[in-house]
Every structure is written in C-alpha cells, then in structure tokens.
1. Run a plain Debye calculation on the range 776-929 (Cα atoms as equal point scatterers, no solvent) and give log10 I(q)/I(0) at q = 0.14, 0.17 Å⁻¹, rounded to two decimals, same order as the q list.
2. Which pairs in the list Lys99/Lys129; Lys95/Lys611; Lys591/Lys754; Lys230/Lys834; Lys118/Lys935; Lys208/Lys327 are over 27 Å apart, alpha-carbon to alpha-carbon?
3. Hey, what's the per residue convex hull volume over the C-alpha atoms of the range 638-717, in cubic angstrom?
4. At what distance in nm do the modelled label points of Gln419 and Thr287 sit from each other, each positioned 7 Å from its Cα along Cα→Cβ?
5. Multiply the residue gap between Glu887 and Ala233 by 0.36 nm, knock off their C-alpha separation, and tell me the result in nm, one decimal place.
6. What three numbers, in Å, describe the spread of the alpha carbons of the chain along their principal axes, ordered from the longest?
7. Can you give me the C-alpha center-to-center distance between the range 175-211 and the range 936-988, rounded to a whole angstrom?
8. With equal scatterers on the alpha carbons only and no solvent term, can you work out the Debye log10 of I(q)/I(0) for the range 597-734 at 0.14, 0.18, 0.21, 0.22 1/Å?
Amino acid sequence: MKNWLLLLVLLLGLAAHASAQQARQLTGQVLDDATGQGLPGVTVVVRNTTIGASTDADGNFTLSLPAGTEPTLVFSYVGYLASTVAAADNGGAVKVRLKTDQKALDEVVVIGYGEVKKSDVTGSIVSVKEEDLKKIPAANVMETLQGRLPGVDITSAGGSAGAAVNITVRGNRSILASNGPLFIVDGVQYNSIQDINPNDIQNMEVLKDAASTAIYGARGANGVIIVTTKKGAAGKTRVTLNSYYGRTDVAFYPKVNNGAEYVAQKREANRTTGNWTSPTDDSKIFTPLELQAIANGTSTNWADLLLRNGVQQEHQIGIAGGSEKTKFYLSADYYNEQGLFRNDQLNRYSFRANIDQAINDKVRVGLQNQLTYYNLDARRDPTNLANKINPLFTPYDANGGFVNYPNNAAFLNPLADEQANAYANNTRRTRTFSTAYVSYQILPSLNLRSNLGLTLSNERSGIYQGQYSIDRNGQVNQASYGTGFETNWSWENILNYNKTLGDHSLNVTGVTSLLTFNLENSVAQGRGIPVPYQQYYALANSAQPVQPYTNLTRSKLLSLTGRVQYGYKSRYLLTLTAREDASSKLYTGNKAAFFPSAAVAWRIVDENFMKGVTPVTDLKLRVSYGRAGNYDVAPYSSQSLLTRIPFSFGEVSAAGYGFDKRVGNTNLDWEISWTKNVGLDFGLIRNRLTGSIDVYETLTSDLLLDNNLPSTTGRGNIIENIGGTRNRGVEVGVNALAVETPDFRWNVGATWFKNQERILELGGADDLLNNRFVGYPVRVFYDYEKIGIWQANEVDAAKAFGQKPGQIKVKDQNGDGKITAAADRVVLGTAVPKWSGSFNSDFAYKGIDLSFQVFARIGQMINYEYAQIFDPQGIENSGVHNYWTPENPSNDYPRPDASLSKSTMQNSLYGTTLQYRDGSFAKLRGVTLGYNLPKGLLEKIGVGTARIYVQGKNLVTVSKIDNYDPERGGPITTPIPRVVLAGINLGF
C-alpha cells in the first residue's frame, strides 16, 4: 500500500512540474488614462476562454497562461471604455490605460421641441429606455412604469379588459380641471397613450418641473411625458417578433357570508328584537323555501359563479431598415384580453409606419402614422348584486333552468346578464394618429422644422339591456346607439439656432403653435325593442322612442414660445423660457396668459477642486423657477347656455327654452401655478452608483372651481377662479451596478417620493358639501370618528348619547356630551399616500436573466366598499364581519338588529364610519425569468437573437386588509387580476 502511495505522489509531482513548464505567469497593471492612478476591480479576461482575473487595489493583476501563446486580453470596467490588448510571449508586464466612458454624459435626452446631452439638462427630467419598457409587458405602456418614476403616481383604475390607469405628476394641483399629464408623441400632442404599443417606443422622458414643462405652457401644467417611437436605420433590414400568452385569475377578493353564516346573522338580528330565541323559531324569520335550503345545507357563492380565469395575449412584428437617405420602421400588433367576467373582452389591432427621407443635404421630410382599432365588449359589473343576494338561493331550478328571481325573492339573479340576448355593450373605435414634418437646414447652425399633426377618431357604442338584465330589473327593455367623431389638428413651426464658440454654447428655439379640437357626438335611444336579438340595431322598431341627442364642441389654442439655452464650458448652464397661450375656452380679455421660467445648473464635478475627489464621477446642482397655467374646463364654460323646457298649453304639448342651471362666467380666467425646484444629480465610484434628489414646491392660485349657488337664485352652479393649493415634495431615485463580472451582472434601483398636498384657500369657508377643507389635501374622508362599540357595561354612558350597547360608538370631539354633525365630524384621512416607493433588481448570469419589482404606497386611507356590506336586519347578505353580541363583545361591527334598517344605521347610527381603512400596501409587481438562447445555436437556424421568458404580475400584496388589493382604491368591483404569462422575443 505504501508503495502505491509513493508512486501516486511521484506522479502528481511530475504532473505539476510538467504543468509549470507548460504555463507562464503574465502580470500587468491597469491605469486611469487621465490621472495615471491604478484602477481596482477591473475585469481582465482572455478572449474566447474562461481564464480571467480582477485587478487589486493598485490596479495590478496576474494571469496564468499556457506557454508559447500570445493571447488577446479584454479589459472592462464600469464607467470606462473597454480595451483589447494583445499580450506578447516575452515575459514583459502589460500596462493598459483605460479612458473614461463619456457615453452616459453625452447621452441625448429629449426635451420640449429639441434634445440636449444628459450632462446639460437643467430641469427635472426622468428618462426611460427601451429595455426598461420591456420588463413588464402590458397593453398600456404606463403600467410598465408603475413605481419606477420618482414623483409620478401610477395606479390601476380597475381590472376590466382594457382598464385605464390613473397618472398624476407631483400631486393634484387642480380641483375641477384635469390633473393628468400631457403626452407628446413624436413631437405632437396625443393623449390616447393606450394606443401606443410599448414595443414601438424607443424612449420616454418625463418632464416634471416648470423649467422643463414651461415650453408647453398651459398644456404642461401637470407634467409632460414625451414619447419617441422607433425609427429605421441604414443598413441591414432588422425584423423583431414579440409574443406572449398569459392567464389571469382573481388574486384577492373578499368573501361574503356563506349559507350558515347568513343564517347565524339573521338569527342574531331577530334575537336582538326578541323574535328568535332558538332554531325552533326559524319558521318565524325564514320562508319555507329558505327553511328547506337550510335543511339541505344549501350555500351559493355567487361571486365564484361570476368570476373566471381570463386571458392576456399580445403578438407584434416590427421591421426596421433603410438606406442613407430613406429610413423606415413598420409594425403590426394584436392584443387580446378576456376579463375576469364573461362578456368582458378587448381586441386591439394597431399598425405603425414611420418613414424618414433625406431629400438632399438640407431638406428632410418624415411621416409617422399610427392606426388603432378597438373592439370592446364591456360587462356591467354584477358583484354589487352578487354580494348582497341571499346565499340560500340558487341560480337554477331543480330542472337546471335559469331563474330570474331565485326563490321568488326581490333580488334579480346576478347571472342575468350572461343569458342569451339579455345584455350587450359593445364599442368599436378607429383612431388614426398621423404626424408629418419637413426640416430645412438653412445654415449649419440654423434649422427650421414644421410639424403637422392630425388625430381622427370614429366611435360607435351600442348598449342593449333586456327586460331581465341587471340594469332593467323587470322593466321594459332598452337600447341606445351612440356615435362620436373627433378631429384634432396641430401645426407647429420650430426655428432652432445652435452655435458653439470656444467655451460658450448657445441654443435658441422659437415656436409657433396652433391646436384645434373638434368633437361631434350623438345618441339615440329606444325602449320596448320587439325582437331582443336586434339589440341596438333597430331603434326605429322600439315602442317608446326617446328623444335623440346630438352635440358639437370646438376649441382652439394659439401659442408663441421662445427658449434660450446657454452654457459656459458645459459647466455653468442657463435656460430661459417664455410662452404665451391664448385659449378659446376663456372669455374675451382673459384668453391669453404668459408663462416664463428660468433654470440654472452647475456641474460641480468639472471644477478644479473636485479633480482629487475620485469617488465622485458626476455631480450637478439644478435650480429652477417657473409659471404654468391650466384652462382645462369644458368648452363654453364662460357662456350661459340654453336648455329645452317641455311644457304644454292645455292638452297640447309645447317646447320652451330657458337658461341652463350652470351660469356662464364672463370673468373666467387662467388657473396659475408657480413651481420652484432644487435638484442634485450624482454619480459615484465611476458611476456604479447614480441618482438624483429633487425638492420642489408648487403654489397654484385662481383655481378653476365649480361653485354652488344659493337655491334662491334659481340657478345651480358657476365655474369661478377661487382658492389655491400647494404641493411640496421630495423625490429620490438611485441606481447601482452592484456586481459586474464577465458572466454575472446585478443591477438594483430604488425610488422614493413624498408629496404633501394642501388646499390653501377656498374663497371663504370650508366646502362641507364636497368635503374640501383648507389645510388638507383635495381628496379627504370627513366623518365621525369611530372609537368602538358600546359595551354591556356602558349602558348609562350609551343612553346619554341616545344609544345602547351593541351600537357604534363615535368620539365626542368637543366633549359637550352630545354628537352633532357640525361639531363632531373630522377629517379622518386622505386618499393621498404619505410616501410611495419602489425597488427593482435585475440579475443576469450568462444567458439567464431574473428581475423583480416591488412597489409600495404608504399612509393612504381608502373607502373600502366591502366594509359597507353589512345589513343589520340580515335580509341582504353581509361581509364576514366580527359583529357584536352579548357573547362576543367585539369593537368592530355593531350588533345585528332586525328593527334597524340599513339606511337608518348609515344615516342615524354612524354606519358610514365602518368603511374607512388604512390602504397602505406593498406589492410584488412583477417577476420575470428569461433565457437567451446561445448564438451558436441561433446561427444554425438563421435567427439573430432569441429570448424566452416567463413572468408573473401582481403576485403578492401585503396590506392590513385581507383578501384585497388596496391599489384598487376601495371598490371591490372589477378586481385587479394576477397574471402569469410566457413569451418569446425574436430578432432577425
């Protein structure tokens, strides 16, 4: 045995000696080209091998290489340009100098009517690149950005097919006017962002402060989102295919009482009144059919019968190419979504053609066309009915036949709209968005560009409600047919002068703009359709025609804009902007308003005193101040309109006319906002860590507000310029390249923003009718403050307030021994979160990638619809609530009481206080696992790139509310679905 061990040791020694003779040690050092200092952590790899190393603190490295070889070394480091060096077989050390990568600083950012280098940006702007838009596939591109943009609040408006998203930038400034941002697509206003396929977008920019948005004047008061679609490039024609298919289900939906729980609550309600003491008294409170159902153990979950698994799928092809003079991009897309309810379905077809043509060295022309067709079947949400109907009932009789009114009760069957020819709601819309431009290079430094935009929208909506549909509930059937035709024109001319003289750079932009908006719509209606399958197509056959309605609205906006951008050594930057807008919506004398802004930026990192601070690779301070306006009210708001008043002369009907209840305001003026912003952009450790911090304040005055008039005037309301608001906030966004090796890369990002929204003035007293209060946000909850339930040992205390144990106890705010609406209602909370944030992480190992996104909104209150599903009499069904009984002294819900109607509890016994909940939540927004197929394999089958992936959306939500996603904001209609999908991206 010892001989074998000695032989083995001898063989190993010989092998090691032979290996040492066949390998050599290569040493070297990597230096910063500008400073000559050694760079630590540089990745050094022998090309086409797995041999590699990293430099030490002084930039030194050592590699073990096969003898007699002259390999090629690849040096890579974050923030520096990669370098390739051939290593000679002469034993000498290798010295490499890496140059700083200026690409990040020289990256172009699109701004209003132009573009600048990222390093020269003076305003608060967030850029989103194509790769970020692909991380969470969605029909609406704004869904993919939820939580990723500091200061931009994006929430889902519901879970129905094609549901919209709610978007605000830096809070709500206005009360009556819109708070939504302006969308600019390829230089032209286009607010139907849901039409734009995310696969067609090259990049997006979000302009947040007044210095950035002032060039858009009144249109940019609530922020601007600029979308640039893809264009072709000279060279080989490139084809991309993107496809995914997914299933959706209900991730969170609260349950109402089952049959046994319903029976228990109704028994308790009647025990309270003395009408029930034991199951022997059931015949006093239940019908014979209900008693039979109780004996049979019947329990129907109506919501489960309505909700189903849905589908989301999208298939897109893009073709890009061209020559030096002609470039093109073409795409076609199909999106289909089947909602969580039957008869809830969206089909969207979209086509895009972008063409750019160089006529000669001075003239370029281009055309961008977007055609979108929608076919939407909408479903009237049935859950309100399903959540209150008796669970002892069943939707079908003993023979399986559908029953309109189960058990001959008052409630219609929640499945009624799913029956043949019972209900239809179909909308078909074709929208064309075309932009054309001609660009003339007058001089090398002077360019004139003219943009022409046209949006055409045609829509037909048809609704049929059968006699036993949920909406008609036994009344005669009804149908309506509506049409809409929208034509929006824009014509803008942009003159741009750009000159650099030594250390000085100057850019001057002048813009003239004309926008026109035209909308025609009509609606015809009829009742008593003789043949249900005709639905809304034969209104002339209806037994009761209803007066048709037609309407036309028109408005215009005329603008003149100027901007000057000056830079000294690209270190000291100044932007001055001025715009004048004139809107036809406002009254003569107030139509025009002037919107100036100024911004300065200081690139601190370029100062001499920063040269020795090597950890800091980018540092810029920004300050801006500017004025913006808002005129977004309905056209003709400054005029008093006529309205038809039917009356009769004896037995003969006649028509008369009078003024509408809304009074026109000839003093109607602009809503004005002043915004100041201070921001800091930074990059550390060769830009491995980058980010920005912004602090801002917006003061809005002369709010456009719908003011109610005293009833003695005989009129209803008037839109006036009353009051003011303030928004203050902090925004933080950071990105870090945590790890980068030849095979592994890990990038993390986080955002955090806090916006404090306040009403400063309302033109007098608080507006109790609309729950608006000075010193609070626009959307608040104003009610009594529930502090529990009166307990059995508080009989006398409850009696002093006219109540008894088992009823809701509210706080006596002023301690006067009585509860009054004037003295004891308070602001309980607000729908505005205290802060919002997100965290995202992206891993890549060789061909595998894994990413996830977490999104949170903290500190908001919601009006929770489920919490209101409580019938004290036990007639309607209720949610599963912990109600008070003598044996269960709960402080959550009051005692059921058969003598107390639901309306009485709501209006007289503080039942409304049950509905408020802390709506804070954190959500695992999406998780994606992908794999890029090897290039060697793809080359054999003629494919350039191929990636397959699986993804989950809305997978986990953490909140204080069970079985509910608070992003929905309180309603339990059309729940937000969970999505699991698989997809593929191909490139040729």
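1. -0.78, -1.02
2. Values: Lys99/Lys129 25 Å; Lys95/Lys611 23 Å; Lys591/Lys754 35 Å; Lys230/Lys834 38 Å; Lys118/Lys935 34 Å; Lys208/Lys327 32 Å.
Checking Cα-Cα distances, Lys591/Lys754; Lys230/Lys834; Lys118/Lys935; Lys208/Lys327 exceed 27 Å.
3. On the way: hull volume 14.0 nm³, N = 80.
About 175 Å³ per residue, rounded to a whole number.
4. Label at Gln419, label at Thr287, 1.6 nm between them.
5. Value of the extension gain: 227.8 nm.
6. Principal extents (Cα only, largest first): 109, 96, 64 Å.
7. Value for the Cα centre distance between the two parts: 24 Å.
8. -0.81, -1.02, -1.18, -1.22
No value in this document is a laboratory result; all are computed from the given coordinates. Nothing here was measured: the structure is a model prediction, and the numbers come from that model. When we count neighbours, we look across all protein chains shown, and the Cβ atoms used for this are built from the backbone with ideal geometry, even at glycine.
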